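Novice: Input: one structure, supplied below.
The values are calculated or read from the model by the stated rules, or taken from the named source; none is laboratory data. These figures come from a predicted structure and were not determined experimentally. So basically every Cβ, Gly included, is an ideal-geometry build from the backbone, and we count neighbours across all protein chains shown. Surface areas here come from the heavy atoms of the whole protein model, side chains and all, with no ligands, DNA or RNA. Shrake-Rupley method; radii C 1.70, N 1.55, O 1.52, S 1.80 Å.
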Amino acid sequence: MEVSCTVLGGDDDDILREMLAVFGRAFDDMDRYCGKQPNRAYHQRLLASDTFIAIAAVSGNSVVGALAAYELRKFEQAVSEIYIYDLAVEESHRRRGVSTAMIETLKCEARRRSASVIFVQADYGDELAIALYTKLGTREDVMHFDIGVDTD
């Protein structure tokens, strides 16, 4: 079945909610992605912002792939970079080029925004993600740190 990829806009809250379910199933974390979803107004603001990018891969009437990214504007030059925050494909549609199609759609959006690069991280042991990103880009070994935000 054919898959089409679409960059979401401000009125695509329903599609974004379907994307969240795709992420939840793919990452086996439905509570994180579906348990505390923001209201429609929040999603509309997010989707209409110039820093968030959501791409849905749709087959028939179903969202089968989801990509969420952020545009990071640089301060040292008038360029930006795109960071892929999450990418997932329904198990029934994996190994069919859906991830690559979503990234190709993101590349078009990055060019439209005059971004200089797209970057993504992959976890050690996630061999499918590593293989995909190796096919599409250049590997850099970096360290990632999570710095907690203390709340009282």
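Novice: So which residues in the range 105-123 are farther than 16 Å from T138 by Cα and either assigned to a loop (DSSP other than H, G, I, E, B) or touching a residue at least 12 places away in the same chain (Cβ under 8 Å) (or both)?
Specialist: From the range 105-123, those farther than 16 Å from T138 by Cα are 105-106, 108-115; that's our starting set.
Passing the criteria: T105, L106, E109, A110, R113, S114, A115.
Novice: Select, from T100, T134, the only residue that is of a type in the set (V, I, T) and open to solvent by 50 Å² or more (accessible area, probe 1.4 Å). Lay out the reasoning, then the answer.
Specialist: On the way: T100 fails: open to solvent by 50 Å² or more (accessible area, probe 1.4 Å).
None of the others qualify; the one that does is T134.
Novice: So L72 ticks every box in (1) within 21 Å of T6 (Cβ to Cβ); (2) in contact with a strand residue (DSSP E or B) (Cβ under 8 Å, 6 or more places away or on another chain); (3) not in a helix (DSSP H, G or I) but one. Which box is left unticked?
Specialist: With (1) within 21 Å of T6 (Cβ to Cβ); (2) in contact with a strand residue (DSSP E or B) (Cβ under 8 Å, 6 or more places away or on another chain); (3) not in a helix (DSSP H, G or I) applied to L72, the lone miss is (1).
Novice: May I ask you to say which residue of I55, I84 is touching a Ser or Thr at 6+ places or on another chain (Cβ under 9 Å) and not hydroxyl-bearing (S, T, Y)? Spell out how you get there, then give the answer.
Specialist: On the way: I84 fails: touching a Ser or Thr at 6+ places or on another chain (Cβ under 9 Å).
Going through I55, I84 in turn, just one is touching a Ser or Thr at 6+ places or on another chain (Cβ under 9 Å) and not hydroxyl-bearing (S, T, Y): I55.
Novice: Look through V58, V63, V89, V3 and report the one residue that is more than 18 Å from A129 (Cβ to Cβ), in contact (Cβ under 8 Å) with a residue 60 or more places away in the chain and among the hydrophobic types (A, V, I, L, M, F, W, C). Steps first, please.
Specialist: Working: V58 fails: in contact (Cβ under 8 Å) with a residue 60 or more places away in the chain; V63 fails: in contact (Cβ under 8 Å) with a residue 60 or more places away in the chain; V89 fails: more than 18 Å from A129 (Cβ to Cβ).
That would be V3, the only listed residue that is more than 18 Å from A129 (Cβ to Cβ), in contact (Cβ under 8 Å) with a residue 60 or more places away in the chain and among the hydrophobic types (A, V, I, L, M, F, W, C).
Novice: Shifting gears a bit: Taking the range 6-49, which residues are open to solvent by 40 Å² or more (accessible area, probe 1.4 Å), under 25 Å from C108 (Cα atoms) and without any contact (Cβ under 8 Å) to a residue 40 or more places away in the chain?
Specialist: Listed by number, the residues that qualify are D11, D14, R17, Q44, R45, L46, A48.
Novice: Quick test for you: out of D141, D123, pick the one residue that is of a type outside the set (S, T, Y), out of contact with any helix residue (DSSP H, G or I) (no Cβ under 9 Å at 6 or more places or on another chain) and open to solvent by 60 Å² or more (accessible area, probe 1.4 Å).
Specialist: Details: D123 fails: out of contact with any helix residue (DSSP H, G or I) (no Cβ under 9 Å at 6 or more places or on another chain).
Criteria check complete, one pass: D141.
Novice: Would it be correct to say that I130 is over 26 Å from E76 (Cβ atoms) and among the aliphatic types (A, V, I, L, M)?
Specialist: On the way: over 26 Å from E76 (Cβ atoms): yes; among the aliphatic types (A, V, I, L, M): yes.
So I130 passes the test.
Novice: Continuing with the same structure: Output the residues belonging to the range 76-97 that are part of a strand (DSSP E or B) and open to solvent by less than 80 Å² (accessible area, probe 1.4 Å). First the steps, then the outcome.
Specialist: Of all residues in the range 76-97, those part of a strand (DSSP E or B) come to 80-89.
Matches in the range 76-97: S80, E81, I82, Y83, I84, D86, L87, A88, V89.
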